[in-house]
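Some notes on the structure that comes next.
The values are calculated or read from the model by the stated rules, or taken from the named source; none is laboratory data. Everything numeric here is computed off the predicted structure, so don't read it as measured data. Cβ placement follows ideal geometry from the backbone for every residue including glycine, while neighbour counts extend to all protein chains displayed.
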């Protein structure tokens, strides 16, 4: 937050994504802290992503962190950035912490223990309640595309909320949104902590075939996915129709 309060120097990674001093400082603080709490447990961070699959393929339990999720939102100073810390066991997150320091909202969950929101000095359980009436869809503030627009058109009457970082997951977890479609690229560290929060709140995070997102894959990119409340909005047929129509349009 001290870095956030001052002029922010923005660097660019090889993939053209943003990098700031805050990303690196957060990475070092969290990595060093986790090493003290759980000595010997591996840590995979966005800022240590050069670790090869050969090095990590036998990891059964490890920490997966995004030291600053939503760097673009951080640079734009809209408050919609988070710190994501997940504990992954056998390919799935079993503990997740998502903290939004600018708005002081802390979401956390662990397997079998439910999901908790701490805000304004209060702690409360969360439930990814099902949709009633107009569907509420949360979408990325910085990353949209034609596939998403085609899908939203198929949904019909809906309310679209824009949000940065893993806060989109958290809106579904706390019942403030019904659906978060991600029809573009993300990385494993972007989603693991928030996936645990959503699942413990009763929601689901799946690929477009309905499978839970898995972690520590050879390729750290996630497939396209959907985050849904409980009961889930029936999105699969509508999405298939939207993608079919969009495919025909692209061919033309």
When you scan region 50-66, do you find a residue that is in contact with a helix residue (DSSP H, G or I) (Cβ under 9 Å, 6 or more places away or on another chain), within 29 Å of residue 206 (Cβ to Cβ), crowded, with 18+ Cβ neighbours inside 10 Å and without any contact (Cβ under 8 Å) to a residue 40 or more places away in the chain, even just one?
yes
Answer from 85, 116 - the residue that is more than 23 Å from residue 188 (Cβ to Cβ), in the same structural domain as residue 44 (by TED's automatic domain parsing) and touching a strand residue (DSSP E or B) at 6+ places or on another chain (Cβ under 9 Å)
116
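Quick grid of which residues meet (1) in contact with a strand residue (DSSP E or B) (Cβ under 8 Å, 6 or more places away or on another chain); (2) part of a loop (DSSP other than H, G, I, E, B); (3) without any contact (Cβ under 8 Å) to a residue 24 or more places away in the chain; (4) surrounded by 13 or more Cβ atoms within 10 Å (Cβ to Cβ):
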{"residue": "1", "(1), (2), (3), (4)": "no, yes, no, no"}
{"residue": "6", "(1), (2), (3), (4)": "no, yes, yes, no"}
{"residue": "26", "(1), (2), (3), (4)": "yes, no, no, yes"}
{"residue": "30", "(1), (2), (3), (4)": "yes, no, no, yes"}
{"residue": "34", "(1), (2), (3), (4)": "yes, no, no, yes"}
{"residue": "39", "(1), (2), (3), (4)": "no, yes, yes, no"}
Note down all Cβ pairs under 7 Å where the first residue falls in region 227-252 and is within 22 Å of residue 186 (Cβ to Cβ), the second is modelled with pLDDT under 90 and loosely packed, with under 13 Cβ neighbours inside 10 Å, and they're at least six residues apart or on different chains.
246/146
Taking the options 218, 223, 234, name whichever one is outside the structural domain of residue 111 (by TED's automatic domain parsing), in contact with a helix residue (DSSP H, G or I) (Cβ under 8 Å, 6 or more places away or on another chain) and either assigned to a loop (DSSP other than H, G, I, E, B) or under 27 Å from residue 134 (Cα atoms) (or both).
218
Checking residue 166 against (1) touching a strand residue (DSSP E or B) at 6+ places or on another chain (Cβ under 8 Å); (2) more than 20 Å from residue 77 (Cβ to Cβ); (3) in contact (Cβ under 8 Å) with a residue 60 or more places away in the chain: exactly one of these is not met. Which one?
(2)
If you check residue 149 against the conditions, is it at negative phi and without any contact (Cβ under 8 Å) to a residue 24 or more places away in the chain?
yes
I need a count of the residues in region 88-111 that are more than 17 Å from residue 189 (Cβ to Cβ) and outside any strand (DSSP E or B).
6
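Report yes if residue 138 is buried (at least 21 other Cβ atoms within 10 Å of the Cβ), in contact with a helix residue (DSSP H, G or I) (Cβ under 9 Å, 6 or more places away or on another chain) and assigned to a strand (DSSP E or B), otherwise no.
In short, yes.
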